[in-house]
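Take a look at the structure set out below.
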Amino acid sequence: MKRETKDARIREITDIFKQHPTFYIFDYKKMTVAQAVDLRKILRKNGSALKVVKNRLALRALRAEFPADLKTSFRSPTAVAYTTSDPVALARILREFAAQNKVLTVKGGLVEGQYFPAARFEEIVKLASRPQLLGKIGSLMAYPLTQLLRTMKAPLANMGSLLLQLKDKKST
């Protein structure tokens, strides 16, 4: 490979690492071309992408602020799946694809800038997605207001029932 080509690929990989705070590194050794195409299609539909990288070039592209543990993941054939949107959704897609095809082995990754080894990959998959977490936060923030409204509404509702009881009492 010529020096210019290497430099271009290193810049490309560096841009991926800079622009995407979430990426997973995995071994694709047993994957066929058809499976790789299918995985790329699935990832593209969900706003993610896949890049097969040479380990030496990827190690050159890694910046100093990345954890040293991440550098040990670049052994044997390596691919990088990355996203700018939901890291949990990407992890679920990779796990589902690996379960269906028995080909992917996750080596580690970076989730929102924090290193996760392969052993903790299942923890990421079990997390709630970003929209679910935002919904929970929204409901927790709205809960005190709804309780206040119920409390303020209660005397009016009770007043109506009291007037109805008073009317019934007077008519008897």
Checklist line | Residue that is surrounded by the most Cβ atoms within 10 Å (Cβ to Cβ) [pool: residues in region 160-172 that are polar (S, T, N, Q) and at pLDDT below 85] | finding: 161
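Conditions (1) assigned to a strand (DSSP E or B); (2) of a type in the set (Ser, Thr, Tyr), marked per residue:
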residue	(1), (2)
12	no, no
29	no, no
43	no, no
49	yes, no
56	no, no
73	no, yes
90	no, no
98	no, no
106	yes, no
Next item on the list: Restrict the check to region 89-101 and report whether at least one residue is surrounded by 15 or more Cβ atoms within 10 Å (Cβ to Cβ), more than 20 Å from residue 21 (Cα to Cα) and among the aliphatic types (A, V, I, L, M).
Entry: yes
Note to self: Take the residues in region 72-92 that are under 20 Å from residue 53 (Cα atoms) and of a type in the set (Val, Ile, Thr); name whichever of them is farthest from the chain's Cα centre (by Cα).
What the structure shows: 72
Item checked: Qualifying residues in region 119-159 (those that are assigned to a helix (DSSP H, G or I), touching a residue at least 24 places away in the same chain (Cβ under 8 Å) and among the aliphatic types (A, V, I, L, M)) - the one surrounded by the fewest Cβ atoms within 10 Å (Cβ to Cβ) -> 125
Item checked: Count - residues of region 19-37 that are surrounded by 15 or more Cβ atoms within 10 Å (Cβ to Cβ), out of contact with any helix residue (DSSP H, G or I) (no Cβ under 8 Å at 6 or more places or on another chain) and over 17 Å from residue 86 (Cβ atoms) -> 2
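If you check residue 39 against the conditions, is it in a helix (DSSP H, G or I) and under 17 Å from residue 95 (Cα atoms)?
Values: in a helix (DSSP H, G or I): yes; under 17 Å from residue 95 (Cα atoms): yes.
Spelling it out, residue 39 is indeed in a helix (DSSP H, G or I) and under 17 Å from residue 95 (Cα atoms).
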Notebook entry, point to check: Do we find a residue being of a type outside the set (A, V, I, L, M), more than 23 Å from residue 129 (Cβ to Cβ) and without any contact (Cβ under 8 Å) to a residue 40 or more places away in the chain anywhere in region 83-93?
Noted result: no
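The values are calculated or read from the model by the stated rules, or taken from the named source; none is laboratory data. On a predicted model such as this, the values are computed, not experimentally measured, just so you know. Cβ atoms come from the backbone with ideal geometry, glycine included; neighbour counts cover every protein chain shown.
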